[in-house]
Amino acid sequence: MRDILPEINLWRRQDKQIALATVVKVWGSAPRPIGSKMAVTTDGGMVGSVSGGCVEGAVYEEAQGVLSSGQAKLVEFGVTDETAWSVGLSCGGKIEIFIEPLAIGPSSTEVPT
Amino acid sequence: MNQEIFARLAKRLEADQLTALVSVVGGPGLGNQRLVQPGSQSHGTLGSPSLDREADLLATEAFRSFSSSRRIISALEPDVAATDLFCEVHPPAFKLVLVGAVHVAIHLARFAKELGFRTTVIDPRTAFATAERFSHVDELVTRWPQEDLEDRKLDEGTYVATLAHDPKIDLPALEAALRSTARYIGALGSKKTHAKRVDTLRERGFSKDDIARIHAPIGLDLGGRRAEEIALAVMAQIVSVSHGK
């Protein structure tokens, strides 16, 4: 999270809509550990990684849905999943990713104490 | 993640403070979050006081293990779905303290930075510890290790390597590290040098178990002799220790 924070803060200052994706479960030889994160915006912004490149595109698409509905979502990618297969999670692992809208609510950037 | 939780989390990450974030990733209250901080009040609710208690409990375990976890909490009432919780721990950044502003330290600090460590180089010899040689480190200290290290918090997230090749600098640093809870202590030098060091430390009252915490000769055996290669061997050892190996 710390590594993608500067980018997220920049996007927030630009009033961009941001979704945050976090790896919450891995099976087998998944390429990124639990807690790996990626943040995306509605206008193509992307920072961080959840799979080392295999499913980022699909996560980006799912994140757009999360941003338009405003509802967090749990998504699974793996070799048994048709979408994941087509985007190439060919390492044989399976991952579960939690995607949520980030920092919704009043746009004040004041940090509570 | 709502505005308040995000602001608090960002602030704690920037201040390098141990924090856990518990999220409902399935079941009722999907997306609810609770921020837990050791020794102080939690923020946000997962939807019920009993779930919040579970969250605080999960976080307390995570503060010990430094690892994130997942738990399904079955509902108390029938016909209500179970709650799927993800507890993510955000440990403080790993810190690497290098004693001796030698050539190996230049490369080691560079590798460490790439791997996300906060780097400090300590050497009283201002001819070695120059801003030009160490522009890439987070902190360059031109004092004696015994003056600096006693005040520095060498905690479970701290890795210490003594590289000076001069017992006047290395020994006081090793003593301070042995008195701390530092996660890793490595000392550059041959087996012969280390044997002498062990004798001195024994004379100064350290036990065999204390001294066994020191990785010496330092680094994994990669077979390299160049400064860059030694730095890589030390970094590899630090990474393996960080994963509990």
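The numbers here are math on the coordinates, done by the rules we state, and not lab data. Keep in mind that what you see is a predicted model, and the values were worked out from it rather than measured. FYI the Cβ positions are ideal-geometry reconstructions off the backbone, even for glycines, and counts take in every protein chain you see.
Given a cut-off of 19 Å, name the pairs among A:LYS37/B:LYS95; B:LYS95/B:LYS196; B:LYS153/B:LYS196; B:LYS168/B:LYS192 whose C-alpha atoms lie farther apart than that in the structure shown.
A:LYS37/B:LYS95; B:LYS95/B:LYS196; B:LYS153/B:LYS196
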task = List the trypsin sites (Lys or Arg not before Pro) within segment B:107-189 that fall in a DSSP loop (any state other than H, G, I, E or B) and whose Cβ has at most 12 other Cβ atoms within 10 Å.
result = B:ARG143, B:LYS153
remark   = Rg (one decimal) and Dmax (whole number) from the Cα set of segment B:3-90, in Å, equal 12.7, 43
P(r), alpha carbons of segment B:108-203 - 5 Å bins starting at zero, rounded % = 2, 12, 23, 25, 21, 11, 4, 1
query = So how tilted is helix B:49-65 from the main axis of chain B? Cα-based, degrees 0 to 90, rounded to 10.
reply = 20 degrees
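Assuming 0.890 mPa s and 25 °C, estimate D for segment B:17-172 with Stokes-Einstein, Rh taken as the Kirkwood radius over Cα pairs, in µm²/s.
134 µm²/s
Would you calculate a helix-derived [θ] at 222 nm for the protein assembly as shown, using -39,500 (n - 2.57) for each DSSP H run of n ≥ 4 and dividing by the full residue count, to the nearest 500? Can you show the working numbers first?
Working: 11 runs with 121 residues, N = 358.
After summing the helix terms and dividing by the residues of the protein assembly as shown, the value is -10000 deg cm²/dmol.
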task = Compute the projected area of the convex hull of the Cα atoms of the protein assembly as shown, averaged over all viewing directions, and report it in nm² to one decimal place.
result = 21.5 nm²
query = Angle, helix B:3-14 long axis vs. longest principal axis of chain B, Cα atoms, 0 to 90°, nearest 10?
reply = 10 degrees
task = Would you mind working out the magnitude of the charge dipole of the protein assembly as shown relative to its Cα centre, with +1 at each Lys and Arg C-beta and -1 at each Asp and Glu C-beta, to the nearest 20 Debye?
result = 1280 debye
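Over the Cα atoms of segment A:2-101, Rg to Rh with Kirkwood Rh, two decimal places? Walk me through the numbers before you get to the answer.
On the way: Rg = 13.0 Å, Rh = 13.4 Å.
Ratio value, two decimals: 0.97.
List the GluC sites (Glu not before Pro) within segment B:106-214 that fall in a DSSP loop (any state other than H, G, I, E or B) and whose Cβ has at most 14 other Cβ atoms within 10 Å. If you can, show how the numbers build up before the last one.
Working: sites: B:GLU114, B:GLU132, B:GLU139, B:GLU147, B:GLU150, B:GLU156, B:GLU175, B:GLU203; in loops: B:GLU132, B:GLU150, B:GLU156.
Answer in residue order: B:GLU132, B:GLU150, B:GLU156.
If you take each beta carbon of peptide B:79-92 and count the beta carbons of other chains within 10 angstrom, what is the mean? Numbers along the way, then the final one.
Numbers: counts 0, 0, 0, 0, 0, 5, 1, 9, 1, 8, 1, 3, 0, 1.
Other-chain Cβ atoms within 10 Å of each residue's Cβ, averaged: 2.
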